[in-house]
Each structure stands twice: as structure tokens, then as C-alpha cells.
Amino acid sequence: MKVSRRATLLDGTTPLPCLIEDFSTGGFFIMSNQEFFYPGQILELKCELYPEKVLLCKIEIRHINDTCLGTKIVEISKDATMLLNQFLQEYYSLKLNQST
């Protein structure tokens with residue numbers, strides 16, 4: 001089972017659609033066909049993890065490979081951290097149960 005979610009990256013007011021392919025508490029692996037990004041760039045990430053529960057945080061682009069972005073979370077609220085942790089716990093719990 002692979003987890004991926006549609007998301008939006010925001011640079012100021014410009015929404016850029018993307019797909020988060022890998023989640024962690026420290027950052028994300030994101031796919032985007034935009035040629036707008038550069039290492040060190042700070043963007044806002046918006047992703048609906050559950051119905052009407054949206055993760056908002058600021059990320060820094062750490063590296064770029066073709067259409068893939070490796071990112072690090074640089075700013076996140078306490079509520080967003082709790083939401084992300086809940087999402088990851090549920091995902092890895094389901095993954096663990098499927099492998100047994």
C-alpha cells in the first residue's frame with residue numbers, strides 16, 4: 001500500500017498542483033511537472049489528509065530530480081503536527097497489519 005495525496009504548493013498567491021508521494025514527520029517527496037522550483041525555495045504546502053482536515057505547513061525544497069522534489073518541513077503549527085502524526089500512525093498501522 002502506497003500513500004499519496006493531491007496537494008497544492010503556494011508561492012505567494014500562485015497555486016501549483018502537486019502529488020505527495022511520500023510522507024514523514026520531517027518532510028515530503030513531492031511530484032510536480034512545474035519547472036518553477038529551486039533548492040532553498042520556501043513554499044506553503046496545503047493537503048487534505050482527511051475530509052475537511054487540511055494540513056498546512058511551510059516546506060523548503062532540498063533537492064530536485066526531474067519532476068520530483070525532496071522537501072523539509074520548516075514551519076508547522078502544533079495542530080498541523082498532530083494531524084500529520086495521526087495520519088502517519090494510521091498509515092503505518094494499516095501497512096503493518098497488511099504485512100502480517
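Annotation note: Cβ proximity below 9 Å between a residue of the range 1-22 that is in contact (Cβ under 8 Å) with a residue 60 or more places away in the chain and a residue that is in a strand (DSSP E or B) (sequence gap 6+ or interchain) occurs for Val3/Ile20; Val3/Glu21; Val3/Asp22; Val3/Phe23.
Filter the range 1-46 for residues that are polar (S, T, N, Q) and at pLDDT 95 or above; which is farthest from Glu90 (Cα to Cα)?
Looking at residues that are polar (S, T, N, Q) and at pLDDT 95 or above, I get Gln41.
Tally the residues that are assigned to a strand (DSSP E or B), of a type outside the set (A, V, I, L, M, F, W, C) and either farther than 16 Å from Leu10 by Cα or more than 15 Å from the chain's Cα centre (by Cα) (or both), restricting the search to the range 30-69. Count: 5. Within the range 28-55, residues that are free of Cβ contacts under 8 Å to residues at least 24 places away in the same chain and surrounded by fewer than 16 Cβ atoms within 10 Å (Cβ to Cβ) sit with their Cβ atoms under 7 Å from residues that are of a type outside the set (A, V, I, L, M, F, W, C) and assigned to a strand (DSSP E or B), at 6+ positions apart or across chains, in these pairs: Gly40/Glu60; Val54/Lys46; Val54/Glu48.
The values are calculated or read from the model by the stated rules, or taken from the named source; none is laboratory data. Only a predicted model underlies this, so the values are computations on that prediction, with no experimental measurement involved. Please note: Cβ atoms are built from the backbone with ideal geometry, for glycine as well, and neighbour counts cover all protein chains shown.
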